[in-house]
Amino acid sequence: MSITLEELNASSREQFIEKLGAVFEHSPWIAASAFGAKPFASIEALHAVMINVVRESRMETIIDLFRAHPDLGTRLAVAEYSAKEQQGAGLNQLSHEEYEQFSGLNQIYVKTFGFPFILAVKGKNKEQILAAMESRIWHTSSEEIEQALLEIEKISGFRLRDLIIE
């Protein structure tokens, strides 16, 4: 369900939020906040505005955005974008042992940082994802908050480029 940048710039607030509301996991408030900056000259300009909305939010709001993301490798139902991305990385085909490993690391990560492990999985395989989880679990909270923001930036950029035709 693609849309051109021209159509997006001409859309109503409701249409804009409907089209872009899922770009940031379960957080249509970001699209709603970005709406006022129309028209956008490019996907990159739109993305920059949306990222700015996130980065200028209160820390509590940012953590809520992090918490809207699913655990990687979960067998629970996840949002359409996340399901496709995890499937592309092979996370929907984990063996029982791999699932247990991901599940255990997810639990440790959430207990340590208070939000799920966030990684732009596009172009990665399950071994690379697992290695990133094992490495990042040793980050400080401030390092991991910044890394999670960078990953959300990548994820939302991929999603916007998949959705919008310039």
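The values are calculated or read from the model by the stated rules, or taken from the named source; none is laboratory data. In this text the structure is predicted, and so the values were computed from the model without any measurement. As a convention, Cβ positions derive from the backbone with ideal geometry for all residues, glycine included, and neighbour counts pool all protein chains shown.
Data table
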| quantity | calculated |
| --- | --- |
| Count of residues meeting criterion [under 30 Å from THR4 (Cβ atoms), over 13 Å from the mean Cα position of the chain (by Cα), modelled with pLDDT under 95 and not in a helix (DSSP H, G or I)] in region 118-166 | 4 |
| Residue that is farthest from THR112 (Cα to Cα) [pool: residues in region 141-159 that are of a type in the set (A, V, I, L, M, F, W, C) and surrounded by fewer than 19 Cβ atoms within 10 Å (Cβ to Cβ)] | PHE158 |
| Residue among ALA22, ALA37, ALA31, ALA48 that alone is modelled with pLDDT of 95 or more, in contact with a helix residue (DSSP H, G or I) (Cβ under 8 Å, 6 or more places away or on another chain) and closer than 20 Å to ALA120 by Cβ | ALA31 |
| Enumeration of residues in region 42-59 that are surrounded by 16 or more Cβ atoms within 10 Å (Cβ to Cβ) and in contact (Cβ under 8 Å) with a residue 60 or more places away in the chain | ILE43, LEU46, HIS47, MET50, ILE51, VAL54 |
| Residue pairs meeting the criteria (Cβ under 7 Å; at least 6 apart or on separate chains; first free of Cβ contacts under 8 Å to residues at least 40 places away in the same chain, in region 7-22; second crowded, with 18+ Cβ neighbours inside 10 Å and among the small types (Gly, Ala, Ser)) | PHE16/ALA31; ILE17/ALA31; GLY21/ALA31 |
| Members of region 121-146 found to be touching a Gly at 6+ places or on another chain (Cβ under 9 Å) and of a type in the set (S, T, N, Q), listed by number | ASN125, SER141 |
| All positions within region 1-29 that are loosely packed, with under 15 Cβ neighbours inside 10 Å and in contact with a strand residue (DSSP E or B) (Cβ under 6 Å, 6 or more places away or on another chain) | SER2, THR4 |
